[in-house]
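Report on one structure; see the data block that follows.
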Amino acid sequence: MAIRNIVKEGDPVLRKTCRSVLNFDDKLAQLLDDMKETMYKAEGVGLAAPQVGMLKRVCIVDVGDGLIELVNPVILEQSGSQTGGEGCLSSPGEYGNVTRPMEVTVRAQDRFGNTFTVTGTELKARAFCHEIDHLNGILFKDKVEGGIRIEK
Ligand code: ZN
């Protein structure tokens with residue numbers, strides 16, 4: 001495994017739409033392993049492949065109850081709403097309020113290509129939405145209400 005560099009806001013790779021993963025091979029496993037190590041080192045709760053420069057529909061989430069690897073994720077259902085503080089490893093030190101669904105059900109594939117669904121509420125729902133937005137070139141700042149706070 002290896003730590004990869006986290007791409008910062010302003011890099012055009014963060015504004016591209018990612019391609020679906022077709023090959024569930026060793027390269028995908030390596031990417032997921034590296035993303036995991038990179039996310040934990042940066043103390044994030046989620047990381048998307050474009051944040052390490054890869055335009056693939058791959059993201060990971062861990063809000064403290066275990067790692068979830070999402071390949072080709074799609075939001076199947078969402079309900080309710082929550083407004084709260086959000087940040088991004090690609091925009092260090094910057095935070096803002098974003099409204100997200102309170103509960104989200106995602107369908108995705110694992111690293112072997114097996115399809116599964118996972119439901120998250122509160123922070124996990126927020127993380128799923130934030131990371132899946134990254135796969136479509138959308139950043140949390142596009143959705144911030146009331147301005148950005150700088151906290152170093
Ligand atoms: Zn982010």
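The values are calculated or read from the model by the stated rules, or taken from the named source; none is laboratory data. Source: prediction; values computed, not measured. No Cβ is skipped: glycine too gets one built from the backbone with ideal geometry, and neighbour counts run over all protein chains shown. SASA here: full protein model, heavy atoms, side chains in, ligands and nucleic acids out. Shrake-Rupley method; radii C 1.70, N 1.55, O 1.52, S 1.80 Å.
At-a-glance table
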item: Residue in the stretch 59-81 that is closer than 25 Å to Asn23 by Cα, touching a Cys at 6+ places or on another chain (Cβ under 7 Å) and within 16 Å of the ligand (Cβ to nearest atom) present; result: yes
item: Some residue of the stretch 104-127 being closer than 22 Å to Cys88 by Cα, assigned to a loop (DSSP other than H, G, I, E, B) and polar (S, T, N, Q); result: no
item: Verdict on Val63 being hydrophobic (A, V, I, L, M, F, W, C), modelled with pLDDT of 95 or more, surrounded by fewer than 18 Cβ atoms within 10 Å (Cβ to Cβ) and assigned to a loop (DSSP other than H, G, I, E, B); result: yes
item: Residue pairs meeting the criteria (Cβ under 7 Å; at least 6 apart or on separate chains; first without any contact (Cβ under 8 Å) to a residue 40 or more places away in the chain, in the stretch 1-28; second open to solvent by 70 Å² or more (accessible area, probe 1.4 Å)); result: Ile3/Lys41
item: Hits in the stretch 25-57 - residues which are surrounded by fewer than 16 Cβ atoms within 10 Å (Cβ to Cβ) and either of a type in the set (A, V, I, L, M, F, W, C) or within 13 Å of the ligand (Cβ to nearest atom) (or both); result: Ala29, Ala42, Leu55
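Conditions (1) at pLDDT 95 or above; (2) surrounded by 14 or more Cβ atoms within 10 Å (Cβ to Cβ); (3) closer than 20 Å to Arg19 by Cβ, marked per residue:
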| residue | (1), (2), (3) |
| --- | --- |
| Thr121 | yes, yes, no |
| Asp133 | yes, yes, yes |
| Leu139 | yes, yes, yes |
| Lys152 | no, no, no |
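Okay, residues lined up against (1) among the charged types (D, E, K, R); (2) buried (at least 16 other Cβ atoms within 10 Å of the Cβ); (3) out of contact with any Lys or Arg (no Cβ under 9 Å at 6 or more places or on another chain):
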site	(1), (2), (3)
Cys59	no, yes, yes
Thr83	no, no, no
Ser90	no, yes, no
Thr99	no, no, no
Gly147	no, no, yes
